[in-house]
Amino acid sequence: MTASYSPVTPSDTLVALWKTLQEQYPMPEYMGAHGDAWLEEFRPKVAAASTPEAAYDLMDELVCRLNDYHTRFFPLNPPPRIGAPARLEPILRRPLPKMAPNPFGSFRPFQSPPAELPPDLLKAFAVGVTAVGAESSLRLGDEVASVNGVPVNVALAAAWKRSVGSSPVGKLRGACGRLLLGPPDEPLRLEVLRAGSRRPLSVTVPRGSLPEEPTYSVRETRGIPILRIARWSDGDRLIPSFDATLEANRAAPGLVFDVRGNGGGADALADAVTGRFLDHRVVSSVSFHHVGTGDDFRRTVEWAEPRGPWRFTGRVAVLTDEGCASACEHFVSGMSEAGALLVGTATSGACGWSQAFPLPGGAVVSVSRTFPLHTGGLPSPLLGIEPHRWAPGTLDDARRNRDPELAAALDWVTGRAPLPQRSHDFAQ
């Protein structure tokens, strides 16, 4: 007798996906995943999907409900999609009134973030061009009005469901990045509103990517070294280069780290940099590692230790945004404990130590296995680390190539601005 063959259906994959998340994700209830409510919501949608690809998109949407940078769904044989030599980000249309609610604030724990894009968010924020390739006809500060013929609010609403971030602005940032993706053989067509132009301009952008930024670079502004760290990697060069910069600027009144958009890397490299500003060890992160599939956790404490023959004692500021994630949040946390002033907007917020789990049908889900705590007096997983001084830019700043975050940091480092209540001053 021949055994019958039963192919795996998308519904089978969905059930296995949900079981894996329930067993492996450390804190599903923290993100509002109570019982099987999400599974029952998506089960009929997946069963009714017209193609396996459409069903996989729905599963991706479900996983993104956890809003975790390190927990993602990877379908079997996804169609190739690449970006363009540009960067799109949410930018304030105009400065916020002093008493206005802070739209950069984190989502509340124990509640699922909004499944639909909040309409009021697009009243406050434009989708602006913040970086362009050398040959692009886009300009900094161009406001995107449509993407491949689709109004930008419609395109964002679709991308929102499959993006993650600790705050509405962080999730919107992820959605903006998705707008650039498309088939390799189809150029990106944008309509943009440009300063001084009354009508939208049509711009065609070839597929590709921005040139890779150096891991480490240094420039000087107003007599203060600006240390740019794009990622926490290439330690054989990063740490010696940083130490050389510090040695050359030992007498400087202060310095500024720019880690905006740094998606992470190695925690040990972050701690090595932090160590040059310490006279005693500090906690960078506390992590609760999920053990097995039950309710047990193992706690570890990650310390940054003093390093080097001397300690830098000038004022130090760190520029942050929603693109700071993983090991970069570890750095931001450690530097805050070391006394640095955090300037900009909140970090990404994410759990960590992700592990890949295969699913029936060939898909894979990568699941965070730890629940980390960082500085600031609040649990930071999926909330992000708030800066001491908020300094978001506007569309006009982007068009004029102004950097209000850096300006605010320099004002404090050079002594032109008072010490915020939450900060510790190296120079005391």
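Numbers at a glance
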read-out	value
The chain: angle of helix 37-48 to the longest principal axis, Cα-based, in degrees nearest 10	50
Whether region 232-314 is rounded, prolate or oblate, judged on the alpha carbon gyration tensor where a/c under 1.5 counts as rounded	prolate
Mean Cα-pair separation over length for region 325-399, i.e. relative contact order, pairs under 8 Å, 6 or more apart, %	36
On Cα atoms only, tilt of 327-338 relative to the major axis of the chain in degrees	30
Heavy-atom accessible surface of region 217-349: percent carbon and sulfur, 1.4 Å	48
Candidates ASP68, ASP243, ASP185, ranked by Gaussian network fluctuation over the chain, Cα under 10 Å, top entry	ASP185
Cα-projected label distance for ASN148 with VAL286, points at 7 Å along beta-carbon direction, nm	4.6
Heavy-atom accessible area per residue - the chain, 1.4 Å, Å²	46
Fully extended contour minus Cα-Cα distance, from ASP279 to ASP12, at 0.36 nm per residue	90.6 nm
Sparse-neighbour loop sites [chymotrypsin sites (Phe, Trp or Tyr not before Pro); region 82-189; at most 12 other C-beta within 10 Å; DSSP]	PHE110
For the chain, calculated [θ]222 nm from helices alone, where every DSSP H run of n ≥ 4 adds -39500 (n - 2.57)	-8000 deg cm²/dmol
Pair THR51, THR293: separation of 7 Å Cα→Cβ label points (nm)	3.3
Pairwise FRET efficiency - ARG139 versus ARG250, Cβ, R0 = 41 Å, nearest 0.05	0.55
Region 65-74 - phi-based ³J(HN,Hα) in whole Hz, Karplus 6.51/-1.76/1.60, Gly and Pro as x	4, 6, 6, 10, 3, 9, 10, 9, 9, 10
Prolate/oblate/rounded call for region 55-96, Cα gyration tensor, a/c under 1.5 rounded	oblate
Cα→Cβ-extended label distance, 7 Å offset, between LYS123 and LEU96, nm	1.6
Ratio Rg/Rh, restricted to region 168-237 and using Cα atoms, in which Rh is the Kirkwood radius	1.10
Equivalent ellipsoid, region 134-265 (semi-axes from 5 times Cα gyration tensor eigenvalues, Å)	36, 18, 15
Under the Debye formula (equal points on every Cα, no solvent term), log10 I(q)/I(0) of the chain at q = 0.06, 0.10, 0.12, 0.14 Å⁻¹	-0.27, -0.74, -1.05, -1.37
Sparse-neighbour loop sites [GluC sites (Glu not before Pro); region 146-236; at most 14 other C-beta within 10 Å; DSSP]	GLU212
Selected from GLY35, MET59, THR9, residue furthest toward positive end of dipole (region 1-64; charges at beta carbon)	THR9
Percent carbon-and-sulfur accessible area, region 6-109, ignoring ligands, DNA and RNA, probe 1.4 Å	60
LYS161 accessible area, assembled protein chains, probe 1.4 Å, Å²	60
For a label point 7 Å along the Cα-to-beta-carbon line of ALA195, residues of region 391-413 with backbone N under 16 Å	393-405
Difference of contour (0.36 nm per residue) and Cα-Cα distance, ALA157 to ARG237	24.6 nm
For region 68-206: Kirkwood Rh in Å [reciprocal of mean 1/r, alpha carbons]	16.1
J(HN,Hα) series, region 238-246, from Karplus relation 6.51 cos²θ - 1.76 cosθ + 1.60, nearest Hz, glycine and proline x	4, 5, x, 5, 5, 4, 5, 4, 5
Surface/4 estimate of mean projected area, convex hull on alpha-carbon atoms of region 70-118, nm²	6.8
Cα gyration tensor shape of region 252-406, rounded if a/c is under 1.5, else prolate or oblate by comparing a/b with b/c	oblate
Volume per residue of the C-alpha convex hull in region 1-126, rounded to whole Å³	173
Loop-resident sites, region 228-264, for trypsin sites (Lys or Arg not before Pro), counting at most 15 other Cβ within 10 Å (DSSP)	ARG250
Gain upon complete extension [ARG43, TRP310; 0.36 nm per residue less C-alpha separation]	90.2 nm
Pairwise Lys count, the chain - Cα closer than 22 Å, eight or more residues apart or different chains	7
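The values are calculated or read from the model by the stated rules, or taken from the named source; none is laboratory data. All values derive from a computational prediction rather than experimental measurement. For neighbour counting, all protein chains shown are included, and Cβ atoms are generated from backbone atoms with ideal geometry for every residue, glycine included. Just the protein is used for accessible areas: all its heavy atoms, side chains included, with ligands, DNA and RNA removed. Shrake-Rupley method; radii C 1.70, N 1.55, O 1.52, S 1.80 Å.
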